[in-house]
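Engineer: Questions regarding the structure given below will be posed in turn.
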Amino acid sequence: MKITGVELRRIAMPLVAPFRTSFGTETSRDILLVRVVTPDAEGWGECVAMSGPLYSSEYVDGAAEVIRRFLLPRLPRTLDAQDVGRALEPIKGHRMAKAAVETAVLDAQLRAAGQSFGRFLGAARTRVPCGVSVGIMDSVPQLLDAVAGFIDEGYVRIKLKIEPGWDVEPVRAVRERFGDDLLLQVDANAAYSLTDARHLARLDPFDLLLIEQPLANDDLVQHAKLATQLRTPVCLDESIESAEHAAAAIALGSCSIINIKPGRIGGYLEARRIHDLCRANGVAVWCGGMLETGLGRAANVALAALPGFTLPGDTSGSRRYYATDVTEPFELADGHLEVPAGPGLGVEPIPAVLDEVTTATEWITL
């Protein structure tokens, strides 16, 4: 089948509550969706780039421009996601943009073949356990109320965002309030330096699952040094942009756990390669999130069902972030989400909702 055209669609999605991390606060999401069209099927990809280059160097306006000017002219006209990565490889970086294009092609390909994302990727489960990410709050009592609400909803793991000045005491309060049985981890989003090692070691007594990305994203060596000074396992997120990065981190001892975010690493095919590498080396993985809509969430849930994903991911239900999702909402049941079983992503945008949140569309004939 030949790709006839691609639609770039921008949508505005307000969050149900502000989400604060060490690099900023989000109140809404400006999201770029990519729709690949063929005579017999269409597919969707969601670009996870933020409005500004804060989490990474990519941002949504830049992603749209890169897709329009550089990626689509190189896109193979045949519907084969395996060819997309090879065709786009000469373009340096821009992994979030590449992931959106590759995912849209893969979705169309699998819909045409009647195969689900989960089956294609190698899912070993029909549902996955879900954790939730809790942003930095204005006070510890506010944090405790938020965590209590998420536990009541059934989330099986809590992740706390931390930064200098908001780390030991919030973690202590959550552990003391909810007990040792709560699966608890923290995420620094690169907010610390190696000189903070002794301070970060104060988190060791709280029996955390992991500390995620404590140091700069481009410093595997210092993460390896930090790992020897902490009992808490070190997990890498922003540092891992490819299977090659993952291999280097494992060889250096920079981490014992990796957070796999498909958008950050260029797509779900690379995500599967990192999963296979980590599984072969005894490194645990879990699926991170970027506040995706139901389109991105569907693919993440399918990925999280692979056998090497042994830790609950940030595959939260739709209502965690959005009052109304662009697809039928993902609903938590007994702390789990069902893996979509239909062709491709297994979910469809709801036309009326999609139109309501759309701010711009652009059709590009190939």
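Each reported figure results from applying straightforward, stated rules to the coordinates on display, with no laboratory input. Keep in mind it's a predicted model, so treat the numbers as computed, not measured. Virtual Cβ from ideal backbone geometry, glycine too; neighbours counted across all protein chains shown.
Engineer: Suppose every Lys and Arg Cβ carries +1 and every Asp and Glu Cβ carries -1, with no other charges. What dipole size does segment 118-338 come out with about its Cα centre, to the nearest 20 debye?
Structural biologist: Rounded to the nearest 20 debye, it is 520 debye.
Engineer: Apply the Karplus parameterisation 6.51 cos²θ - 1.76 cosθ + 1.60, with θ equal to phi minus 60°, to every residue of segment 61-77 and state each ³J(HN,Hα) to the nearest whole Hz, in sequence, with x for glycine and proline.
Structural biologist: Taking θ as phi minus 60°, the curve returns 4, x, 4, 4, 5, 5, 4, 5, 8, 10, 7, 4, x, 9, 5, x, 6 Hz for segment 61-77.
Engineer: For segment 242-366, restrict the atom set to alpha-carbon positions and state the Rg and Dmax in Å.
Structural biologist: 16.3, 50
Engineer: Evaluate the distance, in nm, between pseudo-label points positioned 7 Å from the Cα of THR25 and of GLU328 along their respective Cα→Cβ axes.
Structural biologist: 3.7
Engineer: Can you compute the label reach from ALA341? Point 7 Å from Cα along the Cβ direction, backbone N cut-off under 11 Å, restricted to segment 151-166.
Structural biologist: none
Engineer: Long-range amide H contacts for ALA190: which residues qualify at under 5 Å (H placed 1.01 Å from N, peptide plane, sequence gap of 5 or more or a different chain)?
Structural biologist: Answer set, sorted by chain and number: LEU215.
Engineer: With a 10 Å radius around each residue's Cβ, average the other Cβ atoms per peptide and rank 26-33, 39-46, 302-309, 357-364, highest first.
Structural biologist: Most protected by this proxy first, the peptides run 302-309, 39-46, 26-33, 357-364.
Engineer: What is the sum of charges around LYS98, taking Lys and Arg as +1, Asp and Glu as -1, for the other residues whose C-beta is under 12 Å from the C-beta of LYS98?
Structural biologist: Residues near LYS98 contribute 0 overall.
Engineer: Under 15 Å from the Cβ of LEU203, count the other residues' Cβ atoms, weight Lys and Arg +1, Asp and Glu -1, and hand me the total.
Structural biologist: Taking every other residue near LEU203 into account, the sum is -3.
Engineer: Continuing with the same structure: Return the long-range amide H neighbours of LEU183 (sequence gap of 5 or more, or a different chain), with a cut-off of under 5 Å between placed amide H atoms.
Structural biologist: Those lying under 5 Å, H to H, from LEU183 are ILE158.
Engineer: Determine, for THR228, THR324, THR38, the number of other Cβ atoms within 10 Å of each Cβ, and report the residues in order from fewest to most.
Structural biologist: In order of increasing Cβ crowding within 10 Å: THR228, THR324, THR38.
Engineer: Okay, moving on. Taking the alpha-carbon set of the chain, what are its Rg and Dmax in Å?
Structural biologist: Cα radius of gyration and Dmax of the chain are 19.6, 60 Å respectively.
Engineer: Then there's this: Tabulate in residue order the Karplus-calculated ³J(HN,Hα) for segment 196-207, using 6.51 cos²θ - 1.76 cosθ + 1.60 with θ = phi - 60°, rounded to whole Hz; enter x for Gly and Pro.
Structural biologist: With coefficients 6.51, -1.76 and 1.60, one gets 8, 4, 5, 5, 5, 5, 5, 7, 4, x, 8, 6 Hz.
Engineer: What's the exposure ranking of LEU252, LEU209, LEU337, going from fewest to most Cβ atoms within 10 Å?
Structural biologist: Taking fewest neighbouring Cβ atoms as first place, the list is LEU252, LEU209, LEU337.
Engineer: Continuing with this model, one more query. Cut-off 10 angstrom, C-alpha nodes, Gaussian network model of the chain. Which of GLY253, GLY294, GLY263 fluctuates the most?
Structural biologist: Answer for the Gaussian network model of the chain: GLY253.
Engineer: When the Karplus curve 6.51 cos²θ - 1.76 cosθ + 1.60 is applied with θ = phi - 60°, which whole-Hz ³J(HN,Hα) does each residue of segment 311-321 get, with x for Gly and Pro?
Structural biologist: 3J(HN,Hα) across segment 311-321, in whole Hz: 10, x, x, 8, 8, 6, x, 4, 5, 4, 10.
Engineer: Kindly put PHE70, PHE120, PHE330 in sequence by how many other C-beta atoms sit within 10 Å of each C-beta, fewest to most.
Structural biologist: Fewest-to-most Cβ neighbours within 10 Å comes out as PHE70, PHE120, PHE330.
Engineer: Something else now. Taking 25 Å as R0, compute the FRET efficiency from the Cβ-Cβ separation of LEU54 and ALA17 and round it to 0.05.
Structural biologist: According to the calculation, E is roughly 0.85.
Engineer: Tell me whether segment 145-281 comes out rounded, prolate or oblate; compute the Cα gyration tensor, take square roots of the eigenvalues as a ≥ b ≥ c, and use a/c under 1.5 as the rounded threshold.
Structural biologist: Taking the square roots of the gyration eigenvalues as a ≥ b ≥ c, segment 145-281 is oblate.
Engineer: Considering only the other residues whose Cβ falls under 14 Å of the Cβ of LEU144, what net charge follows from Lys and Arg at +1 and Asp and Glu at -1?
Structural biologist: Its environment carries a net charge of -2.
Engineer: At a Cα cut-off below 24 Å, give the lysines reachable from LYS161, other chains included and same-chain residues fewer than 8 away excluded.
Structural biologist: List returned: LYS225, LYS261.
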